[in-house]
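Reading through the C-alpha cells given below for one structure.
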Amino acid sequence: MTDDIWDGFPKAVEFTQGKRPMKRSSEKDLDACEDFLGFRLPCSYRSFVKRFGAGILRLDGCTGRLLELMRRAGFASVERLDGRFYQPVLVGSREG
C-alpha cells in the first residue's frame, strides 16, 4: 500500500460504530456521487472515505436550519436527499 495522508489517523482517534460495519465507498460509488453533484470531490476526501467509510452525518433536528442558511448564502432549490447515498445530503444550486 502506498503512503497515504490518513495512515496515522486510526492511532489518533477512537472509532465507534453501530452494530453494523460501516460500508466503504468504491471508486464507482464516488464517481457516481461526483456525477450527481456535478463536481469533483477532494482527493483527500475520496481517500478517507475509501479507507474508513463515509460515516454518518447527523442532520436530525438541524436540517431546517441548515437549509435556511444555504438559502441565505444564495443557494436556490435547496433540499435534503435521503436514500441516494450512504447518508442524507443537502444540495442546492447557485448561479454564476
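The values are calculated or read from the model by the stated rules, or taken from the named source; none is laboratory data. These numbers were taken from a predicted model, which means no experiment stands behind them. Reconstructed Cβ throughout: ideal geometry from the backbone, glycine too, with neighbour counts over all protein chains shown.
Among the residues of the stretch 29-48, what is the count of those that are loosely packed, with under 14 Cβ neighbours inside 10 Å and either closer than 27 Å to Ser77 by Cα or in contact with a helix residue (DSSP H, G or I) (Cβ under 8 Å, 6 or more places away or on another chain) (or both)?
9
Can you name every residue in the stretch 59-77 that is part of a loop (DSSP other than H, G, I, E, B) and at pLDDT below 85?
Leu59, Asp60, Gly61, Cys62
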